[in-house]
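*Asks:* I'd like to ask some things about the structure below.
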Amino acid sequence: MIENMIGKKVFLIDDLGDGEMLMCSDTVTAVLLEENSMSVRCKTSGENEFWTIGENAFFSECEAKQAFKMG
């Protein structure tokens, strides 16, 4: 099921660290399942970093916007 995420559009929320939040979308290129937790992270085509799914990467724009407003 996790493999199905590859190639899908994901909505990313990035905290720039100065109180500014940035929201964008990108395509998932790889998925990493962390061994000692239930955390799933995805790698996207535009960045060299992984995004934690549910925390700063969402598969629905609606969820991303809700988290973006709370952030």
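The values are calculated or read from the model by the stated rules, or taken from the named source; none is laboratory data. On a predicted model such as this, the values are computed, not experimentally measured, just so you know. Neighbour counts run over all protein chains shown; Cβ positions are idealised from the backbone, glycine included. These accessible areas exclude ligands, DNA and RNA; they are computed on the full protein's heavy atoms, side chains included. Shrake-Rupley method; radii C 1.70, N 1.55, O 1.52, S 1.80 Å.
*Asks:* At 222 nm, what value in deg cm²/dmol follows for the chain if DSSP H runs of at least 4 each add -39500 (n - 2.57) and the sum is divided by all its residues, to the nearest 500?
*Replies:* That calculation yields -4000 deg cm²/dmol at 222 nm.
*Asks:* Related question: Size of the dipole of the chain about the Cα centre, Lys and Arg at +1 and Asp and Glu at -1 on the beta carbon, nothing else charged, in debye to 20?
*Replies:* 300
*Asks:* Give the cross-link partners of K69 among the aspartates and glutamates, using a straight C-alpha distance below 15 Å as the criterion and excluding same-chain residues fewer than 8 apart.
*Replies:* D14, D15, E20, E55, E61
*Asks:* Counting DSSP beta bridges with both partners in the chain, what percentage is antiparallel, nearest 5?
*Replies:* About 95 percent, rounded to the nearest 5.
*Asks:* Also: Can you give me the % of accessible surface on the chain that is carbon or sulfur? Probe 1.4 Å, all protein chains present, nothing else counted.
*Replies:* For the chain, the apolar C and S fraction of the accessible surface comes to 51 percent.
*Asks:* What accessible area per residue comes out for the chain, rounded to a whole number of Å², with a 1.4 Å probe?
*Replies:* 69
*Asks:* With r defined as the distance between the Cβ atoms of E34 and F59 and R0 fixed at 25 Å, what FRET efficiency is calculated, to the nearest 0.05?
*Replies:* Efficiency, rounded to the nearest 0.05: 0.85.
*Asks:* Right, here's the next one. Restricting everything to alpha-carbon atoms, can you work out Rg to Rh for the chain with a Kirkwood hydrodynamic radius?
*Replies:* 0.96
*Asks:* With labels modelled as points extended 7 Å from the Cα through the Cβ direction, what inter-label distance (nm, one decimal) is found for S45 paired with L22?
*Replies:* So the label points at S45 and L22 sit 1.9 nm apart.
*Asks:* Going toward the positive end of the dipole of the chain, with +1 on Lys and Arg Cβ and -1 on Asp and Glu Cβ, which of S60, M70, T44 do you reach last?
*Replies:* Comparing the listed Cα positions along the dipole, S60 ranks first.
*Asks:* Moving on to the next point. Under 8 Å for C-alpha pairs, at least 6 residues apart: give me the relative contact order for the chain, rounded to a whole percent.
*Replies:* 29
*Asks:* Would you mind checking the tilt of helix 61-70 against the longest principal axis of the Cα atoms of the chain, expressed as 0 to 90 degrees and rounded to 10?
*Replies:* 50
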